[in-house]
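> What follows is a single structure, and I will ask about it in a moment.
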Amino acid sequence: MNDNLPPHAPGNHAPGNIAPDPCAGLAAIHAQIASAALDAGRDPAEITLIAVSKTHPAAAVQRLLHCGQQTFGENRVQEAAQKFHPLQPAWPDLRLHLIGPLQTNKLREAVALFHRIDSLDRPRLADALEQAAQSTGKLPRLLIQVNIGNEPQKSGVTRAEADLFIRQCRQRFGANLAGLMCIPPQGQDPTPYFRDLAAMAHHHGLATISMGMSSDFISAIKMGATEIRVGSALFGHRN
Ligand SMILES: *Cc1c(COP(=O)(O)O)cnc(C)c1O
């Protein structure tokens, strides 16, 4: 890195970086978000970009922070803690989301670290969250993960369980239950799955709809996503 240049200056990149200018990469994603939103008659400002930094180092996160990106997603508690604890004091507006499965034995650490848990996917985890909230007074905001394709290998409540689980979580967690999240089946047109998740959220009056990743966020925005989770399109490929 050339210390004399701001991180977004042209030419200020280590050789071999996949995304040599992270600010230009970020701007390109924002342009795609804006154009998809406008196509769908939506206000681009309704859509939050979550930068998914799993497997990428703290330095890559820092580069994006310097470009103005403030919301990040990680799928492992330990990895997120190591990467983000050192960054948090200097970046008070940084928001961190857990987007991967949460084991109940990691719950306290997760509640302390993450601003939102986007992967509430089973009644046992809801029980544990409620207990932790009662004993610590802390409850993060939550999204319920719906297994929208009813795939056996995927986490999330099945479509059949979703209605009841959403109503129960609403009762327990009130406004802390912010919305729904899904990962549609791979190798299929995601559009009908996105449409169904949005309909489910609207039916329950839940404002936040987290869907769409690097390969399909345009379609997700057209179907009503209020948050998209983008990793490789921002940070390059994961090993
Ligand atoms: C890794 C991951 C993403 C980002 O995936 P990309 O294809 O790299 O954009 C989004 N959501 C979840 C839940 C993930 O685990």
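> Quick one: which strands (runs of 3 or more DSSP E) lie wholly within the range 96-209 and hold at least 1 residues that are in contact with a His (Cβ under 8 Å, 6 or more places away or on another chain) and either open to solvent by 10 Å² or more (accessible area, probe 1.4 Å) or of a type in the set (Val, Ile, Thr) (or both)? Explain how you work it out, then say what you get.
On the way: elements: 116-120, 141-147, 177-182.
Result: 116-120, 141-147.
> Oh, and also: Please state which of the following conditions ILE228 fails to meet, knowing it meets all the rest: (1) of a type in the set (Val, Ile, Thr); (2) under 14 Å from the mean Cα position of the chain (by Cα); (3) more than 9 Å from the ligand (Cβ to nearest atom).
(3)
> A further question follows. Scan the range 187-209 and report the pairs whose first residue is within 10 Å of GLY224 (Cα to Cα) and whose second residue is open to solvent by less than 80 Å² (accessible area, probe 1.4 Å) and in a helix (DSSP H, G or I), with Cβ atoms within less than 6 Å and a gap of 6+ or a chain change.
PHE194/ALA220; ILE209/ALA198; ILE209/ALA201
> Are any residues in the range 210-225 open to solvent by 50 Å² or more (accessible area, probe 1.4 Å) and under 13 Å from the mean Cα position of the chain (by Cα), and if so, which ones?
MET213, the sole residue that qualifies.
> For the range 70-81, how many residues are away from the ligand (no atom under 14 Å from the Cβ) and either surrounded by 21 or more Cβ atoms within 10 Å (Cβ to Cβ) or closer than 12 Å to LEU96 by Cα (or both)? Spell out the reasoning first.
From the range 70-81, those away from the ligand (no atom under 14 Å from the Cβ) are 70, 78, 81; that's our starting set.
Still in the running and either surrounded by 21 or more Cβ atoms within 10 Å (Cβ to Cβ) or closer than 12 Å to LEU96 by Cα (or both): 70, 81.
Counting residues in the range 70-81 that are away from the ligand (no atom under 14 Å from the Cβ) and either surrounded by 21 or more Cβ atoms within 10 Å (Cβ to Cβ) or closer than 12 Å to LEU96 by Cα (or both) gives 2.
> Considering only the range 181-211, state which residues are closer than 12 Å to ALA40 by Cβ and of a type in the set (Gly, Ala, Ser).
Hit for the range 181-211 is ALA198, nothing else.
> For LYS106, only one of the following conditions fails: (1) more than 16 Å from the chain's Cα centre (by Cα); (2) touching a residue at least 40 places away in the same chain (Cβ under 8 Å). What is its number?
Result: LYS106 passes all but (2).
> Can you tell me how many residues within the range 202-224 are more than 9 Å from the ligand (Cβ to nearest atom) and more than 17 Å from ILE117 (Cα to Cα)?
Number of matching residues: 11.
Residue by residue, here is whether (1) in contact with a Pro (Cβ under 9 Å, 6 or more places away or on another chain); (2) closer than 26 Å to VAL146 by Cα; (3) modelled with pLDDT of 95 or more holds:
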residue	(1), (2), (3)
ALA31	no, no, yes
SER35	yes, no, yes
HIS56	no, no, yes
GLN69	yes, no, yes
PHE84	no, no, yes
HIS97	no, yes, yes
GLY100	no, yes, yes
LYS106	no, yes, yes
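The values are calculated or read from the model by the stated rules, or taken from the named source; none is laboratory data. Here the structure is a predicted model, which means the values were calculated and not measured. With ideal geometry, Cβ positions are generated from the backbone for all residues, glycine too; neighbour counts draw on all protein chains shown. The accessibility values were calculated without ligands, DNA or RNA, using every heavy atom of the protein model including side chains. Shrake-Rupley method; radii C 1.70, N 1.55, O 1.52, S 1.80 Å.
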